[in-house]
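Colleague: Just dropping this structure here.
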Amino acid sequence: MKIFGINNFTFKEIEDNCLNPDNIGLGLILKLDKLRNTLRLPINILDLNRLKHAENSYHYKLPCSAVDFRVIGDIEENKLLQAMLDVGFKGIGFYDTGFVHGDIRPKFALWRRIKGIYYPMF
Ligand SMILES: [Zn+2]
């Protein structure tokens, strides 16, 4: 099943990565959808709010305001960062496990997580 206005992600992909798909902000998924169009590479959603995140994480905001994902294919980190900024992500994290966090907090934040430790980059 398709979600109105979303071309690259199915409702099932959202549902499978979310405790309550009713609480997913469409704005978040729209940004991810635009990112997919920009990159022209597949994006796997790894988690919306189903897994354990920091207590105050944007993953737990209502509606859910953060997504963890993996880009399938070869992309330079700085190009991915620029593309994420272009579509309006504000909180961006690069993790040594190969996935990327994107959220829609009001102020820009950029960090790297290596072996579970967060290193602010901005
Ligand atoms: Zn995350």
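Only the coordinates and a few stated rules stand behind these numbers; no lab work does. This one's a predicted model, so the numbers in the text were calculated from it and none came from an experiment. Methodologically, a virtual Cβ is constructed for each residue, glycine included, from the backbone with ideal geometry; neighbour enumeration extends over all protein chains shown.
Colleague: Show me 1-12, 26-37 ranked by packing, highest mean number of other Cβ atoms within 10 Å first.
Modeller: 26-37, 1-12
Colleague: Still on this model: How far apart, in nm, are two points set 7 Å out from the Cα along the Cα-to-Cβ line at residue 40 and at residue 85?
Modeller: 2.3
Colleague: Which order do the peptides 94-100, 110-116 come out in when sorted by mean C-beta neighbours inside 10 angstrom, highest first?
Modeller: Descending mean neighbour count gives 94-100, 110-116.
Colleague: Next question. Choose one of 27, 91, 60: the residue whose Cα lies farthest towards the positive end of the charge dipole of segment 8-122 (beta-carbon charges +1 Lys, Arg; -1 Asp, Glu; about the Cα centre).
Modeller: With unit charges placed on the Cβ atoms, the residue in question is 91.
Colleague: Taking the Cα centre of each part, how many Å lie between segment 15-33 and segment 68-112?
Modeller: 17
Colleague: Would you please name the GluC sites (Glu not before Pro) within segment 25-122 that are DSSP coil residues with at most 15 other C-beta atoms within 10 Å of their C-beta?
Modeller: Within segment 25-122, the qualifying GluC sites (Glu not before Pro) (loop, at most 15 other Cβ atoms within 10 Å) are 55, 76.
Colleague: Amide H of residue 113 versus every other amide H placed in the peptide plane: which residues, excluding those fewer than 5 positions away on the same chain, fall under 5 Å?
Modeller: Under 5 Å from the amide H of residue 113 lie the amide H atoms of 94, 95, 96, 119, each far enough along the sequence or on another chain.
Colleague: Over all alpha-carbon pairs of segment 1-68, lay out the pair-distance distribution in 10 Å bins, whole %, shortest bin first.
Modeller: Pairs per bin, as whole percents: 22, 57, 20, 1.
Colleague: Working out 0.36 nm times the residue gap between residue 76 and residue 109, then minus their Cα-Cα distance, what length gain in nm do you get to one decimal?
Modeller: 9.9 nm is the gain from fully extending residue 76 to residue 109.
Colleague: Ok, one more. For residue 103, what is the net charge nearby, where nearby means another residue's Cβ is under 13 Å from its Cβ and Lys, Arg count +1, Asp, Glu -1?
Modeller: Every neighbour counted, the sum reads +3.
Colleague: Check which residues have an amide H placed less than 5 Å from residue 46's amide H, if you skip close sequence neighbours.
Modeller: Distant-sequence amide H within range of residue 46: 68, 69, 70.
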